[in-house]
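Presented below is the structure to which this report refers.
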Ligand code: EPU
């Protein structure tokens, strides 16, 4: 297992190109299952979750090919046939987003067998709403040997209300409903930019989807979808993570290829605590915008509550907690999306942070100096928060289990090194 060795104390300076969004790329790849024609995707981040999903698609019998481009990968997907409708436990347990094959497989081929994901490091994370929605669309759902077996001979449009807002749940049902007979209305749907990007791709494939980005999505089913070409949106969480990296080291970073309109809650919170961000007015020709993070004079502590989009994202909570260890005062951080997403707090405390966790609330008292230590990553965003702590700490930090970070950040140590960080990957074989 690889580790990161970080020597803290360097103010970061320079330019970072933000990669394509992992959480937009994953559903985009599975959307290609809805047609027998070729779908070409650009700006796909070079991260492990994408390789995992690609292996799953290949196992299903889908042809995929990858080409390097200046920005991310181009992936071509052609799902002419289905050899095997199974998403096995071994892949689903590595990556819960594998469940995104469920809706497309049932809609197009009438059968899917997907392992139930089980719990994970950040919470129970059931998929009951994906299944309830598919059932409402006319699929029959059965469970055996840890698998869900979904079958349908043609889905029918329906009205479905999400008791809890679910990002991948909304995406799965939107994809299934795209090929259903009649109109489907999804109420209390997720409004995340990644849902909007998926709807844009599906509409290019011939789907008729309205309202993505609002809590009511209306899908008029069509009998077939066709191939297309699509560039996925930039990763707003990677952008937010680098903003914190600049702020916590007292540095100055220009982040290229961002979409600031996807970052409103993050930008307003960072600005409130004292981080200065300059937005370039004109969007660049390549479809992004540069956001420049200027050195903060003094950081002040402010609490936050994670919320579904457009609220402050749970995927930035851990990074914000690290920032608050370097702010003056107390910050109460409330996590409302996942019940167990504070694993990083204990590791941060080992580095000198003063954090008390009670249930879904963490109180961070700052500013406390951080000192390098041996620590362990528990999940993707927690690992990012520990890297940030290592950059701000005095001395050396050794982070174990960085495979978590490789799931969703494209070569983070290379991007950080280029802007002056002292971070090295230590591989088992070294
Ligand atoms: N939930 C249910 N039943 C369901 C589905 C969800 O109770 O059937 C609950 C979950 O347990 C959770 C809440 O609803 O408490 C929200 O979960 P959601 O379904 O929205 O999460 P997800 O779709 O599994 C996506 C991202 C996560 C991100 C969350 C929240 C992808 C591939 N994953 O997960 O990203 O944290 O939305 O924004 O889009 C990450 O990138 O590190 C990551 C974990």
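Laboratory data are not the source of any read-out in this text; all were calculated from the coordinates shown. Everything numeric in this text was worked out from a predicted model, so none of it was measured. Methodologically, a virtual Cβ is constructed for each residue, glycine included, from the backbone with ideal geometry; neighbour enumeration extends over all protein chains shown.
Figures for the structure shown
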{"item": "Mean Cβ count within 10 Å, highest first, over the residues of peptides 231-237, 178-184", "result": "231-237, 178-184"}
{"item": "Between 0 and 90°, nearest 10: helix 380-392 axis offset from the chain longest Cα axis", "result": "20"}
{"item": "Å³ per residue enclosed by the Cα convex hull of the stretch 1-60", "result": "104"}
{"item": "P(r) histogram, all alpha-carbon pairs of the stretch 163-263 included - 10 Å bins from 0, percent", "result": "15, 38, 26, 14, 6, 1"}
{"item": "Cα long-axis angle, helix 264-273 against the chain (0 to 90 degrees, to the nearest 10)", "result": "10"}
{"item": "The stretch 1-143 - Kirkwood radius from inverse mean 1/r over Cα pairs (Å)", "result": "16.8"}
{"item": "Average projected area [Cα convex hull, the stretch 153-193], square nanometres", "result": "2.9"}
{"item": "Value of relative contact order over the chain, rounded to a whole percent, pairs C-alpha under 8 Å and six or more apart", "result": "21"}
{"item": "Rel. contact order, % - alpha carbon contacts under 8 angstrom, at least six apart, the stretch 303-407", "result": "27"}
{"item": "Cα Rg over Rh - the stretch 29-85, Kirkwood", "result": "0.96"}
{"item": "20 °C / 1.002 mPa s Stokes-Einstein diffusion coefficient of the stretch 186-242, Kirkwood radius on C-alpha pairs, µm²/s", "result": "172"}
{"item": "Cα centroid separation - the stretch 1-41 against the stretch 299-346, whole Å", "result": "23"}
{"item": "Kirkwood-Stokes translational diffusion coefficient of the chain, alpha-carbon pairs, 10 °C, 1.306 mPa s, µm²/s", "result": "72"}
{"item": "Rounded Å value of the spacing that divides the Cα centres of the stretch 202-273 and the stretch 123-159", "result": "28"}
{"item": "On Cα atoms only, tilt of 22-31 relative to the major axis of the chain in degrees", "result": "10"}
